[in-house]
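Contents: one structure, followed by commentary.
The values are calculated or read from the model by the stated rules, or taken from the named source; none is laboratory data. Bear in mind the structure is a predicted one, so any value in this text is a computation, not a measurement. Glycine also receives a Cβ, built like all others from the backbone with ideal geometry; neighbour counts cover every protein chain displayed.
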Amino acid sequence: MIGSLHIKGIGRNIATAVVHICDEKDRYGLWNNRTEETLKMLRRAPIPAPTPSETYSRTNLELNQLKKELGTNLMILDCLMWYIRERVKIIGN
């Protein structure tokens with residue numbers, strides 16, 4: 001679904017990266033395929049919503065909950081997401 005404010009060539013990866021980098025209060029996580037796949041691996045993926053913005057909101061809530069549980073920030077959490085996705089094999093999935 002493309003809304004009226006859509007900019008061609010700017011998808012969720014770039015859009016969430018911009019808000020992630022520009023927000024000094026560490027409130028907005030990155031939303032990309034890696035994030036989705038890793039949250040599924042961890043059985044922490046939110047239920048998809050009817051719109052991309054609502055799905056990002058749910059995903060961002062989960063990322064912030066993980067940030068809080070791990071006592072870290074969203075930048076480090078994104079690095080952890082990469083590591084888990086690339087290096088960890090979860091048995092029983």
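With the checklist (1) surrounded by 13 or more Cβ atoms within 10 Å (Cβ to Cβ); (2) touching a helix residue (DSSP H, G or I) at 6+ places or on another chain (Cβ under 6 Å); (3) free of Cβ contacts under 8 Å to residues at least 40 places away in the same chain; (4) within 28 Å of ILE91 (Cβ to Cβ) in hand, flag the one item PRO48 doesn't pass.
(1)
Determine which single condition ILE21 fails, assuming it passes every other condition in (1) of a type in the set (A, V, I, L, M, F, W, C); (2) within 13 Å of the chain's Cα centre (by Cα); (3) closer than 30 Å to LEU5 by Cα.
Result: ILE21 fails condition (2) only.
Of all residues in the stretch 51-74, which are surrounded by fewer than 16 Cβ atoms within 10 Å (Cβ to Cβ) and over 30 Å from SER4 (Cα atoms)?
Answer for the stretch 51-74, where residues must be surrounded by fewer than 16 Cβ atoms within 10 Å (Cβ to Cβ) and over 30 Å from SER4 (Cα atoms): GLN65, LYS68, GLU69, LEU70, GLY71, THR72, ASN73.
Among the residues of the stretch 48-83 satisfying the criterion of being assigned to a helix (DSSP H, G or I) and of a type in the set (Ser, Thr, Tyr), which is modelled with the lowest pLDDT?
Pass one, the stretch 48-83, residues assigned to a helix (DSSP H, G or I): 52-70, 74-83.
Still in the list and also of a type in the set (Ser, Thr, Tyr): 53, 55-57, 59, 83.
Numbers: SER53: 90, THR55: 96, TYR56: 96, SER57: 97, THR59: 98, TYR83: 96.
Filtering the stretch 48-83 for residues that are assigned to a helix (DSSP H, G or I) and of a type in the set (Ser, Thr, Tyr), the one modelled with the lowest pLDDT comes out as SER53.
Mind checking which pairs have a first residue in the stretch 7-31 that is in contact (Cβ under 8 Å) with a residue 40 or more places away in the chain and a second that is of a type in the set (Phe, Trp, Tyr), Cβ under 7 Å, 6 or more apart or different chains?
ARG12/TRP31; ARG12/TYR56; THR16/TYR28; THR16/TRP31; THR16/TYR56; HIS20/TYR28
So which residues in the stretch 34-45 are free of Cβ contacts under 8 Å to residues at least 12 places away in the same chain and either among the acidic types (Asp, Glu) or closer than 15 Å to ASP78 by Cα (or both), if there are any at all?
So the first thing to find is which residues in the stretch 34-45 are free of Cβ contacts under 8 Å to residues at least 12 places away in the same chain, and the list is 40, 43.
Scanning the stretch 34-45 gives a single hit, LYS40.
Here are some conditions: (1) touching an Asp or Glu at 6+ places or on another chain (Cβ under 9 Å); (2) of a type outside the set (A, V, I, L, M, F, W, C); (3) under 17 Å from ILE14 (Cα atoms). ASN73 meets all but one. Which one does it not meet?
Going through (1) touching an Asp or Glu at 6+ places or on another chain (Cβ under 9 Å); (2) of a type outside the set (A, V, I, L, M, F, W, C); (3) under 17 Å from ILE14 (Cα atoms) one by one, ASN73 breaks only (3).
Taking ILE10 as the residue in question, decide whether it is out of contact with any Gly (no Cβ under 9 Å at 6 or more places or on another chain), exposed (fewer than 14 other Cβ atoms within 10 Å of the Cβ) and assigned to a loop (DSSP other than H, G, I, E, B). Break it down into steps so the answer makes sense when it comes.
Working: out of contact with any Gly (no Cβ under 9 Å at 6 or more places or on another chain): yes; exposed (fewer than 14 other Cβ atoms within 10 Å of the Cβ): yes; assigned to a loop (DSSP other than H, G, I, E, B): yes.
Answer is yes for this residue.
If we keep just the residues of the stretch 75-93 that are among the charged types (D, E, K, R) and loosely packed, with under 12 Cβ neighbours inside 10 Å, which is farthest from ASP26 (Cα to Cα)? First the steps, then the outcome.
Here is the first cut: in the stretch 75-93, the ones among the charged types (D, E, K, R) are 78, 85-87, 89.
Next, from what is left, pick out any that are loosely packed, with under 12 Cβ neighbours inside 10 Å: 86-87, 89.
Details: GLU86: 24, ARG87: 26, LYS89: 29 Å.
Here the answer is LYS89.
Name every residue in the stretch 51-91 that is among the charged types (D, E, K, R) and in contact with a helix residue (DSSP H, G or I) (Cβ under 8 Å, 6 or more places away or on another chain), in order of residue number.
First, pick out the residues of the stretch 51-91 that are among the charged types (D, E, K, R): 54, 58, 62, 67-69, 78, 85-87, 89.
Correct list: GLU62, LYS67, ASP78, ARG85.
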